[in-house]
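Structure record follows, encoded as structure tokens.
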Amino acid sequence: MSFRKITASVSGVALSALPFIAFAQAPSLNRGITGVLLTLNNALNMLIGILITAAIVVFFYGLVKYLWSNAGEEKQNAIKIMVNGVVVIFVMVSIWGLVALLQFTLGVNGRQNITFPTGAPVNSTPTLN
């Protein structure tokens, strides 16, 4: 593939993600560490979807390359690309399933509020007893 085709493909994928970014609700910055964790969680969830989509695209790229190739060496290279795509999809979905199993086993569903421990409140004005 030429650099121009790759750039066009990556640009198309990036532009298709714009509605998700544009309509995303920004976490409240006054929530401290919770807001940061929620932002990281949302970014990782979006990244997981993009990576799985990229692995599926790689598999179909290998399939198209296999169907269009005539020589034996090109077909073998296309088969390697397809096998690598299937292995990557399997690994990512398996890890996703293991995380879901651990969440179910430990009773963490990802929709609970996070409660952080706090210290004793500090009075700004001393009191005399």
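Within the stretch 8-63, restricting attention to residues that are part of a loop (DSSP other than H, G, I, E, B) and more than 15 Å from the chain's Cα centre (by Cα), the residue that is modelled with the lowest pLDDT is Pro27.
Restricted to the stretch 64-123, and to residues that are in a loop (DSSP other than H, G, I, E, B) and surrounded by 10 or more Cβ atoms within 10 Å (Cβ to Cβ), which residue is modelled with the lowest pLDDT? Explain how you work it out, then say what you get.
To start, the set of residues in the stretch 64-123 that are in a loop (DSSP other than H, G, I, E, B) comprises 69-71, 107-123.
Still in the list and also surrounded by 10 or more Cβ atoms within 10 Å (Cβ to Cβ): 69, 108.
Values: Ser69: 88, Val108: 73.
This residue is Val108.
The values are calculated or read from the model by the stated rules, or taken from the named source; none is laboratory data. Keep in mind that what you see is a predicted model, and the values were worked out from it rather than measured. Here the Cβ is made from the backbone with ideal geometry for all residues, glycine too, and neighbour counts use every protein chain on show.
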